[in-house]
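Written below as structure tokens is the structure these notes are about.
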Amino acid sequence: MNNLVIAIDGPSGAGKSTIAKLIAKKLNIVYIDTGAMYRALTYKLLMNKIDFSDLSKIKKVLRQTHIDFKNNHIYLDETIVDDEIRTNIINKNVSNVAKIKDVRLKLVEIQREIAKNKSVIMDGRDIASHVLPNADFKFYLSATPEERGKRRYKELTKNNNNISLEDVIKDMKERDKIDSTREISPLIKTEDAVEIDTTNKSIDEVVDFIISYVKRR
């Protein structure tokens with residue numbers, strides 16, 4: 001397939017990244033995890049103790065930061081940060097970084113550049129509505145906050161994070177509110193997106209449905 005562009009949106013914990021990775025592998029196209037890009041920048045800001053309201057310092061960091069994907073790993077300034085960006089401290093702060101206008105402008109620029117001349121599948125909060133509005137296929141993955149919280153809790157406990165399921169669900173709902181009400185590119189379902197409720201579906205079921213849908217068209 002040449003120049004196939006698939007956009008997947010949805011709230012945190014809906015299974016976007018896992019599903020998009022598997023689809024990319026099965027269709028032999030490039031996977032771009034936009035959420036990981038925002039996580040990587042959040043990680044760098046936290047490590048450098050930069051206040052999220054200090055726009056001048058954030059702009060400086062953006063100019064000096066290189067984020068890329070190679071062999072299914074995310075690189076921050078040439079260093080793999082796959083595990084570092086999946087901790088609870090990043091979960092709690094990434095939405096506040098993602099809503100900063102200058103951050104979104106810079107990362108969207110990078111995302112669009114990557115998608116220009118390649119077949120890609122990209123997931124995030126505003127891919128179909130903003131980043132890749134002309135994508136060939138658009139999907140919106142959803143699930144109940146409780147189910148998404150359970151999934152995120154399972155992910156976090158793998159890294160020995162000391163947190164309760166109740167706190168994870170609470171943080172999930174708060175993040176949903178931030179993502180859907182932010183002024184810049186809020187989380188929305190576009191009219192032309194196919195919605196898939198993943199609450200009672202397995203990863204393989206969703207992957208098979210999307211691939212079948214793409215191939216039928």
| Subset of region 29-51 [open to solvent by 50 Å² or more (accessible area, probe 1.4 Å) and either of a type in the set (Lys, Arg) or without any contact (Cβ under 8 Å) to a residue 60 or more places away in the chain (or both)] | TYR43, MET47, ASN48, LYS49, ASP51
| query | Taking region 180-213 only, how many residues are under 18 Å from ALA135 (Cα atoms), open to solvent by less than 40 Å² (accessible area, probe 1.4 Å) and hydroxyl-bearing (Ser, Thr, Tyr)? | reply | 2
| message | One residue is enough: does region 182-204 have a residue meeting the conditions under 18 Å from LYS150 (Cα atoms) and of a type in the set (A, V, I, L, M, F, W, C)? | response | yes
| field | In region 149-196, residue farthest from ILE90 (Cα to Cα) [restricted to those that are of a type in the set (Lys, Arg) and in contact (Cβ under 8 Å) with a residue 60 or more places away in the chain] | value | LYS189
| said: List the residue pairs whose Cβ atoms are under 6 Å apart, where the first residue sits in region 98-111 and is within 14 Å of GLY124 (Cβ to Cβ), the second is part of a helix (DSSP H, G or I) and of a type in the set (Phe, Trp, Tyr), and the two are 6 or more positions apart or on different chains. | reply: ALA98/TYR38
| task | Please determine, by comparing only the residues of region 62-100 that are exposed (fewer than 12 other Cβ atoms within 10 Å of the Cβ) and among the basic types (Lys, Arg), which one is farthest from LEU41 (Cα to Cα). | result | LYS70
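The values are calculated or read from the model by the stated rules, or taken from the named source; none is laboratory data. Treat the numbers as computed from the prediction; the structure is a model and nothing was measured. Cβ: placed from backbone, ideal geometry, glycine included. Neighbour counts: every protein chain shown. Ligands, DNA and RNA are excluded from the accessible area calculation, which covers all protein heavy atoms including side chains. Shrake-Rupley method; radii C 1.70, N 1.55, O 1.52, S 1.80 Å.
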